[in-house]
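Encoded as structure tokens, the structure appears first; notes follow it.
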Amino acid sequence: MADWYTNFANSGVGTTLTKQLGLPRPGVLRRYEPGGPLLDGPAVVGSAGQGRLRDTVTAVLRDAGVTVLSPVVADGDAAGEKLGAVVLDATGVSGPADLAAAHDFLAPAIKRLRSNGRVVILTDPPAEAESPAQAAARQAVDGLTRSIGKELRDGSTANAIYVPEGAEAGVAGPLAFFLSGRSAYVDGQGVTLSAADVPAGQDAEKPLAGKVAVVTGAARGIGASIADVMARDGAHVVAVDIPAAGDSLAAVANRIGGTALQLDITAPDAAQRLVEHLRERHGGVDVIVHNAGITRDKLLVNMDAARWNSVMAVNLQAQLDITQALLDGDVLNPGARVVCVSSQSGIAGNRGQTNYAASKAGVIGMVRAWAPAFAERGATINAVAPGFIVTEMTAKMPFGTREVGARLNSLQQGGLPVDVAETIAWLSQPTSAGVNGQTVRVCGQSLLGA
Ligand code: NAD
């Protein structure tokens, strides 16, 4: 479901009018449908540098039933077969000269990308380079990917995967995510993998089958969508929210065959109650999504202590306390996943939101710091940072502010709660084992804090 403007801009009269007036024409995003194909069309795979991941990439595509064309065919004229995806393996680039091959491959291939196409570029992490020239070439991929993201139109996206030596086994899950409709609103981003034991495969339709997943703030908004998507993917969801939201919480839990647990996550005994519930009812937990969050906006100079403290308590301290209690209580099952909801405000800052931005930036620091300890247990902890997501909250914004806010990104539209939910569900999958300590923005490549 697209917003009114996107629908209008893609209608017959809307297409003509937006063209004549030079207005944005956002594409209708291709979102994941269970049972649907990974891509709408064939893919082409090229390399710059040694390209040690070419076979891995090709196998991921072929296993998903995607036809892989050779770059020679892609070099043909722009009227040739339209491509669903263009994947560049730029691992092993040793200096800027190697990137000429990236340009030679990408330019004609992207010309043939269809709407809602995907560009994915893989390289080694710049931080682990052995020389300034090598670091320069690897870092160049970042600027290249972000710029392609800004040049693409019609719902197409470009993202990067940084793969250190030894982390190759973790490529398949993130690559499939960036290619699929699950990543519809993730654009211009990069994830850096780490070496991990990655399970050989998972049920493509039910990747969370048999898992117990806790979602806080699940009574409405993004949290309710996370609960829906996790249940669709096979998890038993324990939906948590405050007692005052009890009725809507029960409705969400009933809809998905999950469990409702009324709990104010800032209560002194909240973490212990959750640990006991999980131990007694389920014997442990596989996924916890720290989604509950609040805003209490005021300019800093006008902000009272109550506003500051309540936002910090819900958005940050509760995530720290509950995660620590799950570790101490030994209820995290092997391969556990913790996913924390941050915000674009935590990256870019936002006027009137010093408390909120500080709490959400804190979440990013928290997952980065906790990642090594989680890796030792074969678990992961990551964050997602949503940008402009169309919710009841944004519906109440004045028309002008809302429309401008929604369009200030490469996809020229706001995201939907399901876009955040799909990214969280992906990070929760067994094959996301190599993604740890990362913050993935779900913002359509927002121009804010880019
Ligand atoms: P929302 O207000 O619609 O829902 C938040 C839910 O959290 C509510 O059901 C609320 O009752 C629950 N909650 C609040 N305090 C709680 C507590 N102490 N204990 C248990 N539950 C509690 O918000 P949303 O828009 O769905 O946002 C969800 C998350 O996404 C939040 O962390 C928010 O900061 C973040 N986020 C949202 C956007 C956006 O555009 N909507 C953008 C960036 C980040």
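Proximity of backbone amide H atoms, modeled 1.01 Å from N, is registered between Leu263 and Asp241, Ile242 at under 5 Å, excluding neighbours fewer than 5 places apart on the same chain.
The Leu448 and Gln20 beta-carbon pair, evaluated with R₀ = 30 Å, returns a calculated FRET efficiency of approximately 0.55. Along the range 284-291 the Karplus relation, 6.51 cos²θ - 1.76 cosθ + 1.60 evaluated at θ = phi - 60°, assigns HN-Hα couplings of x, 9, 9, 9, 10, 10, 7, 9 Hz to successive residues, with x for each Gly and Pro. Could you check the spin-label model distance between Ile294 and Glu376? Points 7 Å from the Cα along Cα→Cβ, value in nm. Going by the 7 Å Cα→Cβ label model, 3.5 nm. For Lys82, the aspartates and glutamates whose Cα falls under 15 Å of its own Cα, not counting residues fewer than eight places away in the same chain, are Asp40, Asp154.
Each Lys and Arg contributes +1 and each Asp and Glu -1, all at the Cβ; summed about the Cα centre of the range 340-417, the dipole is approximately 120 debye.
Taken one residue at a time, the phi angles of the range 179-196 give Karplus couplings (6.51, -1.76, 1.60, θ = phi - 60°) of 7, 7, x, 5, 9, 3, 10, 9, 9, x, 10, x, 10, 9, 7, 10, 5, 7 Hz. Gly and Pro are set to x.
Roughly what % of DSSP beta bridges within the chain run antiparallel, to the nearest 5?
Numbers: 2 of 52 bridges.
Antiparallel: roughly 5 percent of the beta bridges in the chain.
Each pair of Cα atoms in the chain enters the Kirkwood radius, and Stokes-Einstein at 10 °C and 1.306 mPa s then converts it into a translational diffusion coefficient of 71 µm²/s. Along the positive direction of the dipole of the range 289-409 (beta-carbon charges: Lys, Arg +1; Asp, Glu -1; about the Cα centre), which of Ala348, Ala379, Ala361 reaches farthest? Highest projection toward the positive end goes to Ala348. Amide H to amide H, with H built 1.01 Å from N, Ile294 comes under 5 Å of Asn315, counting only residues 5 or more places away or on other chains. If I take R0 = 22 Å and measure r between the Cβ atoms of Arg368 and Gln317 in this structure, what FRET efficiency does the formula 1/(1 + (r/R0)^6) give, to the nearest 0.05? My answer for the efficiency is 0.80. Selection among His277, Ala245, Ile294 by position relative to the dipole of the range 237-316 gives Ile294 as farthest towards the positive end (Cβ unit charges, Cα centre). Under 10 Å, Cα contacts only: if you run a Gaussian network model on the chain, which one of Ala219, Ala235, Ala204 comes out with the highest mean-square fluctuation? Most flexible of the set in this elastic network: Ala204. Segment Asp330..Ala97, full-extension length gain: 78.8 nm, with 0.36 nm per residue of separation and the alpha-carbon distance subtracted. Averaging the sequence gap over all C-alpha pairs within less than 8 Å and six or more residues apart, then dividing by the number of residues, gives the chain a relative contact order of 15 percent.
For Leu113, nonlocal amide neighbours, meaning residues 5 or more places apart or on other chains whose placed amide H falls under 5 Å from its own, are Leu83.
Rounded to the nearest 20 debye, what is the charge dipole size of the chain about its Cα centre when +1 sits on each Lys and Arg Cβ and -1 on each Asp and Glu Cβ? Don't skip to the end; give the middle numbers.
On the way: 37 positive and 42 negative charges, 249 e Å.
Computed charge dipole of the chain: roughly 1200 debye.
The lysines whose alpha-carbon is closer than 22 Å to the alpha-carbon of Lys360, local same-chain residues fewer than 8 away aside, are Lys298.
Which FRET efficiency value, to the nearest 0.05, do you get for Ala305 and Asn254 by plugging their Cβ-Cβ distance into 1/(1 + (r/R0)^6) with R0 = 56 Å? Could you put the intermediate results ahead of the total?
Values: r = 39 Å, r/R0 = 0.70.
Efficiency, rounded to the nearest 0.05: 0.90.
When you filter the trypsin sites (Lys or Arg not before Pro) in the range 352-397 for DSSP loop state and at most 14 other Cβ atoms inside 10 Å of their Cβ, you are left with Arg377, Lys396.
Each value in this text was obtained by applying a stated rule to the coordinates, not by laboratory testing. Please read all numbers here as calculations on a predicted model, not as lab measurements. Positions of Cβ are backbone-derived with ideal geometry, glycine not excepted, and every protein chain shown enters the neighbour counts.
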